[in-house]
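Let me begin by presenting the structure, written as structure tokens, before commenting on it.
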Amino acid sequence: MYILLTGGKKNIGDYLIGDRTRKLLMHERPDRQIVEMYPWGPLDEKKDQINNSKAVIIHGGPGYQPNMYPGIYPLLKDLREIKVPIIPMSLGWKGIPGDDLSLRSYRFNDTSMELMKKIHNSCEFSSCRDYLTQRVLSQHGFKNTIMTGCSVWYDLDYIGKAFMPPKKINKIAFTPPQLSIFREQSINILKRLRNMFQDTEIICSLHRGLSEDKYPYNNDNRNIRKIMESCKDIGVQIEDVSYDLSRLSLYDDCDIHIGYRLHGHLLFLSKRKPSFLINEDGRGRGAQEALGLLSINGYERNTLNHF
């Protein structure tokens with residue numbers, strides 16, 4: 001039995017990571033039962049179940065953050081009570097803005113270092129989703145790492161299949177940025193796309209939703225409302241794909257993805273479809289460099305800012 005710490009709250013990218021991780025584990029270890037637990041609260045009451053497992057697997061997302069423990073993963077109040085290995089699976093960093101300075105200056109608090117020492121003393125290798133994450137861990141003395149990429153890289157139905165460029169661009173999926181500092185830039189890109197592809201359907205797909213519900217993402221909502229207003233002005237359709245993986249069927253007949261959401265980008269690539277990502281921070285940069293793709297950083301002065 002594996003304990004898989006998983007669970008999306010709203011962002012469809014988190015649900016996608018969880019889905020791909022489960023499928024990979026079931027494919028590689030069909031002999032193991034997978035028990036999912038949500039990582040957001042302390043797991044002390046589940047200590048016995050955890051210690052009766054083969055390992056605790058922490059998957060996906062930018063888990064290596066300065067307050068990794070207990071801020072991101074509360075786990076148990078006393079880490080010494082976890083008797084089984086803790087294995088990161090395609091875990092990454094979250095450097096902002098993601099340049100070399102943020103890489104060199106990335107630091108973890110004392111409690112997070114305590115967890116990281118336990119992790120890397122309990123498993124043979126930890127799985128990193130990009131080489132930048134490996135560098136961050138190496139800077140802190142953790143060398144037993146391996147770069148595996150993100151779980152979303154791997155769609156088992158497309159492994160070994162060739163990239164098939166579309167003969168014609170009939171439908172474009174655009175994903176807007178999370179951070180408001182990229183709002184004007186993203187609206188300019190949308191306007192440019194509308195001018196370049198006047199007869200093409202363009203959909204603005206909201207991975208983190210548009211409503212102020214129980215997971216409000218207040219800053220996001222203000223940002224998204226402004227982008228939505230611009231979409232209506234220039235004739236771009238708006239779709240909410242948060243919460244429910246079935247909503248991603250929206251992309252089935254899209255010919256290309258352009259935008260800022262990393263897991264929209266990786267989803268298209270995993271299905272051998274073209275995608276163009278603009279990096280908001282180190283997550284995007286790390287993925288692009290690991291994949292050997294052209295990397296455009298939205299936070300740097302470049303031609304994107306002159307659209």
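The values are calculated or read from the model by the stated rules, or taken from the named source; none is laboratory data. From a predicted model like this one, the values you see are computed outputs, not experimental measurements. Virtual Cβ from ideal backbone geometry, glycine too; neighbours counted across all protein chains shown. What goes into the accessible areas is simple: the full protein's heavy atoms, side chains included, and nothing from ligands, DNA or RNA. Shrake-Rupley method; radii C 1.70, N 1.55, O 1.52, S 1.80 Å.
The set of residues in the stretch 95-121 being small (G, A, S) and open to solvent by 40 Å² or more (accessible area, probe 1.4 Å) consists of S105 alone. Condition check: crowded, with 21+ Cβ neighbours inside 10 Å, within 19 Å of the chain's Cα centre (by Cα) and modelled with pLDDT of 95 or more. Does L16 satisfy that? It is true that L16 is crowded, with 21+ Cβ neighbours inside 10 Å, within 19 Å of the chain's Cα centre (by Cα) and modelled with pLDDT of 95 or more. Restricting the stretch 156-184 to residues that are under 22 Å from R208 (Cβ atoms) and assigned to a loop (DSSP other than H, G, I, E, B) leaves a set whose member that is most open to solvent (accessible area, probe 1.4 Å) is L179. Pairing residues of the stretch 280-294 that are in contact (Cβ under 8 Å) with a residue 60 or more places away in the chain with residues that are among the β-branched types (V, I, T) and not in a helix (DSSP H, G or I), at Cβ distances under 9 Å and at least 6 apart in sequence or on separate chains, gives E280/I96; D281/I96; G282/I96; G284/I278; G284/I296. The single residue among C254, C231, C204 that is more than 17 Å from D14 (Cα to Cα), assigned to a loop (DSSP other than H, G, I, E, B) and in contact with a strand residue (DSSP E or B) (Cβ under 6 Å, 6 or more places away or on another chain) turns out to be C254. Among the residues of the stretch 243-269, those identified as within 26 Å of S295 (Cα to Cα) and among the hydroxyl-bearing types (S, T, Y) are Y251, Y260. Within the stretch 19-41, being part of a loop (DSSP other than H, G, I, E, B) and surrounded by 14 or more Cβ atoms within 10 Å (Cβ to Cβ) holds for R32, P39. Within the stretch 168-180, the set of residues being in contact (Cβ under 8 Å) with a residue 60 or more places away in the chain and over 18 Å from the mean Cα position of the chain (by Cα) comprises K168, I169, N170, K171, I172.
Condition check: outside any strand (DSSP E or B), over 29 Å from E289 (Cα atoms) and either out of contact with any Ser or Thr (no Cβ under 7 Å at 6 or more places or on another chain) or open to solvent by 10 Å² or more (accessible area, probe 1.4 Å) (or both). Does T133 satisfy that?
no
Look at the stretch 26-46: where a residue is of a type in the set (D, E) and a partner is in a loop (DSSP other than H, G, I, E, B) and open to solvent by 80 Å² or more (accessible area, probe 1.4 Å), sitting 6+ places away or on another chain with Cβ atoms under 9 Å, you get D44/K77.
Among residues of the stretch 257-275 being assigned to a loop (DSSP other than H, G, I, E, B) and surrounded by 19 or more Cβ atoms within 10 Å (Cβ to Cβ), the one that is nearest to the chain's Cα centre (by Cα) is R261. A search for C-beta distances below 6 Å between a residue of the stretch 231-256 that is open to solvent by less than 50 Å² (accessible area, probe 1.4 Å) and any residue that is part of a loop (DSSP other than H, G, I, E, B) and polar (S, T, N, Q), counting only pairs 6+ apart in sequence or on different chains, returns D255/N170. Filtering the stretch 145-155 to residues that are part of a loop (DSSP other than H, G, I, E, B), open to solvent by less than 40 Å² (accessible area, probe 1.4 Å) and closer than 19 Å to G286 by Cα leaves G149, C150. Close contacts from the stretch 152-167, counting a first residue that is modelled with pLDDT under 95 and a second that is outside any loop (DSSP other than H, G, I, E, B), with Cβ to Cβ under 8 Å and a gap of 6+ residues or different chains, come to P166/I256.
Residues in the stretch 276-296 that are under 18 Å from I169 (Cα atoms) and either of a type in the set (D, E, K, R) or buried (at least 23 other Cβ atoms within 10 Å of the Cβ) (or both): L277 only.
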